[in-house]
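The values are calculated or read from the model by the stated rules, or taken from the named source; none is laboratory data. In this text the structure is predicted, and so the values were computed from the model without any measurement. Positions of Cβ are backbone-derived with ideal geometry, glycine not excepted, and every protein chain shown enters the neighbour counts. Just the protein is used for accessible areas: all its heavy atoms, side chains included, with ligands, DNA and RNA removed. Shrake-Rupley method; radii C 1.70, N 1.55, O 1.52, S 1.80 Å.
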Amino acid sequence: MFEEVALTGSTNADLLQRAAVGAPEGLWLRADAQDGGRGRMGRSWESPAGNLFASTIVRLQPTDPQAPSLAFVAALAVRDTLHQIAPECVVQIKWPNDVLSADGAKLCGILLERTGDAVVVGIGINLTSSPEIPGRATSNLKALGVLPPHPQAVVEILASSMAIWLARWRQYGLQALTAEWQKAAHPIGTALSVQLPDGAREDGLYAGLTAEGALQLRLADGSIHAIHAADVFLV
């Protein structure tokens, strides 16, 4: 089920309101542009026309894995979408759900927000332009030499990929997804710099994921710190 609008403040904000009054799982809302787009940790997200700005609703079921692990579902769905629309581009995933170009530039933003039993998954893919993010390299498919499809065509592919990974998440659990996620991520031993929510910074080496999907960071003293929320940078 797809809906389109020319301009809105935020597709996530719109679907949060609608989810609160009973909108169903599988509803997708796409905007040509946003003037109040949001990223993780309250950041603004530039949303000019030409890129993909879309959100969908997932209704949590009692037997579902933990809601934050939907970040892995969304990241894998975006990866598969990019493989389909830009097969010549190499992409990688960085914890928890950043989708990057081969040189580490950000191609996609993913934001999960919850109301009651509903999680709204917002996805922005840089098709024709790149938002400026302080301290981060960004890119887009056009800059990588790809002529991207219209955003509506992209969201339809994305919705199909999301449905596939959502079904696997429910049927097989999180570990089946994290195994696939790690195949698409930077290799074990990659140097990372992690900025925690309190502003503290830790540097170390990527040591895989916990069973719950937390990032494992091997510190200089050999200890491993499980990271549950942070900004992660490739070094």
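Between Thr63 and Leu219, the modelled labels are 4.1 nm apart [label points 7 Å from Cα along Cα→Cβ]. Ranked from largest to smallest solvent-accessible area, with a 1.4 Å probe on the protein heavy atoms, Tyr206, Tyr172 come out as Tyr172, Tyr206. Along the axis of the charge dipole computed for the chain (Cβ charges of +1 for Lys and Arg, -1 for Asp and Glu, origin at the Cα centre), the listed residues Pro131, Leu215, Gly22 are led at the positive end by Leu215.
Between the Cα long axis of helix 151-172 and the first principal axis of the chain there is an angle of about 50°, rounded to the nearest 10. With contributions of -39500 (n - 2.57) from each DSSP H run of at least four residues, the per-residue ellipticity at 222 nm computed over the chain stands at -8000 deg cm²/dmol.
Explain nothing, just the number: relative contact order of the chain, from Cα pairs under 8 Å at least 6 residues apart, as a whole percent.
Values: 488 pairs, mean separation 39.4, N = 235.
It comes to 17 percent, rounded to a whole number.
Quick check for you: which residues of the stretch 124-146 have the amide N under 14 Å from the point 7 Å beyond the Cα of Phe2 toward its beta carbon? No residues fall inside that zone.
Split the accessible area of the chain by element, probe 1.4 Å, and carbon with sulfur accounts for 54%.
Look at (1) 45, 39, 36; (2) 52, 44, 33; (3) 67, 41, 39: the one that is Cα extents along the principal axes in Å derived from this structure is (2). About its Cα centre, the dipole of the chain is roughly 200 debye, where the only charges are +1 on Lys and Arg Cβ and -1 on Asp and Glu Cβ. For the stretch 1-130, the Cβ-based charge dipole about the Cα centre amounts to some 300 debye (Lys, Arg positive; Asp, Glu negative; other atoms uncharged).
Rolling a 1.4 Å probe across the protein heavy atoms gives the stretch 2-184 an accessible surface of 42 Å² per residue. Note on Ala137 and Ala226: with the Förster distance fixed at 25 Å, the Cβ-Cβ geometry gives a FRET efficiency of about 0.40.
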